[in-house]
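We did not get these values from a lab; they are worked out from the coordinates using the rules stated. All values derive from a computational prediction rather than experimental measurement. A quick note on method: Cβ atoms are made from the backbone with ideal geometry, for glycine too, and the neighbour counts reach across all protein chains shown.
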């Protein structure tokens, strides 16, 4: 067995069924933000046997990778390695693959465009190649290929909200890598007859998100200010940009429904359809803060080029998957703030809601 793989426990029937007859499901990027919430969703709503891949990346900040759930079998594998990826599929023989693994931080992509492109596209092709080989050998597999709303770029106001037939026009290196992933996934569906469903999530937020992203970055600052660990100033970037925020748990439910209900080859946008200014997030946090806080624009937090407004048309997902977001923005922001209060040790509302709902 290759050095990059950790063996599953022995004594399990193959190829793709757990002892109960439920399918084996593979989540790549299980250790990340959406991957962990997807595992929670599948545990709550299905009897599927969930197996997750993790990739130890020393560049990630502490807390960015979720602690593994003992109910989820994990395999450490570098999906950039085609041999290791093929061995993973031979070992697991999944009936469904949720491909979430990749480099997802836009500023990191600006800093090293080639690394982001190579990581994201190489992983996508390796997963699709392994899935196609498995399907050709007689074991069916559905791949839910998760890309991003970033693939649409700066859509003009008259073309909003964005439907799935909007042209792909990425404007940053991360978005370009996701557009390439999206196109490659579509190509494998057409040229190999592979059962692929593409999902383009809009901005998703919630508990356990990497603090480099906007909502946890702000929430951490507020919690540190409340704890007396920093001056009462919230450092922000371009807070007048509008984003279509959706709770990550709603997004995870959308991934599950795509796996269960979508037609092969379909593409779905997942988003609330209700854009909010990032300034609204700031207001929600400051309204909940226990001390007065000033807002300071930090030039270091500004992107070289940015999308002024994102807005999803979620109609197709609603019609075909029965998917509608449920968690209000106010609840999500409050839970993220409580999470950071608990982590920083500041006085504030209990994190019980986070513990019970995450």
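A few notes on this one:
- Relative contact order of the chain, defined on C-alpha pairs under 8 angstrom at six or more residues apart (%): 17 percent
- Note on the chain: with a GNM built from Cα contacts shorter than 10 Å, the maximum mean-square fluctuation among 129, 211, 45 falls on 45.
- Inter-part distance where the stretch 204-255 and the stretch 324-342 are each reduced to a Cα centre, Å: 10 Å
- Cα gyration tensor shape of the stretch 162-223, rounded if a/c is under 1.5, else prolate or oblate by comparing a/b with b/c: prolate
- Take the Kirkwood radius over Cα pairs of the chain, plug it into Stokes-Einstein at 4 °C and 1.567 mPa s, and you get 62 µm²/s for translational diffusion.
- q = 0.17, 0.19 Å⁻¹, the stretch 213-358: log10 I(q)/I(0) [Debye, one scatterer per Cα]: -0.99, -1.12
- Of all DSSP beta bridges in the chain, antiparallel share, percent nearest 5: 10 percent
- Cα gyration tensor, the stretch 152-295 - rounded (a/c under 1.5), prolate or oblate: prolate
- Going from the residue with the fewest nearby Cβ atoms within 10 Å to the one with the most, 98, 33 rank 33, 98.
- The ranking of 191, 272 by Cβ neighbour count inside 10 Å, starting from the fewest, reads 191, 272.
- With a simple spin-label model that places each label point 7 Å from the Cα along the Cα-to-Cβ direction, the separation between residue 47 and residue 137 comes to 2.7 nm.
- Pair residue 291, residue 159: separation of 7 Å Cα→Cβ label points (nm): 4.6 nm
- In the frame of its principal axes, the stretch 102-187 has Cα extents of 47, 30, 15 Å, reported largest first.
- Between residue 298 and residue 191, the simple spin-label model (points 7 angstrom out along Cα→Cβ) gives 4.4 nm.
- Given R0 = 35 Å, the distance between the Cβ atoms of residue 279 and residue 81 translates into a calculated FRET efficiency of 0.20.
- Segment residue 261-residue 343, length gained on full extension (0.36 nm per residue, minus Cα span): 25.7 nm
- Dividing the summed helix terms, -39500 (n - 2.57) for each DSSP H run of n ≥ 4, by the number of residues in the chain produces a 222 nm estimate of -12500 deg cm²/dmol to the nearest 500.
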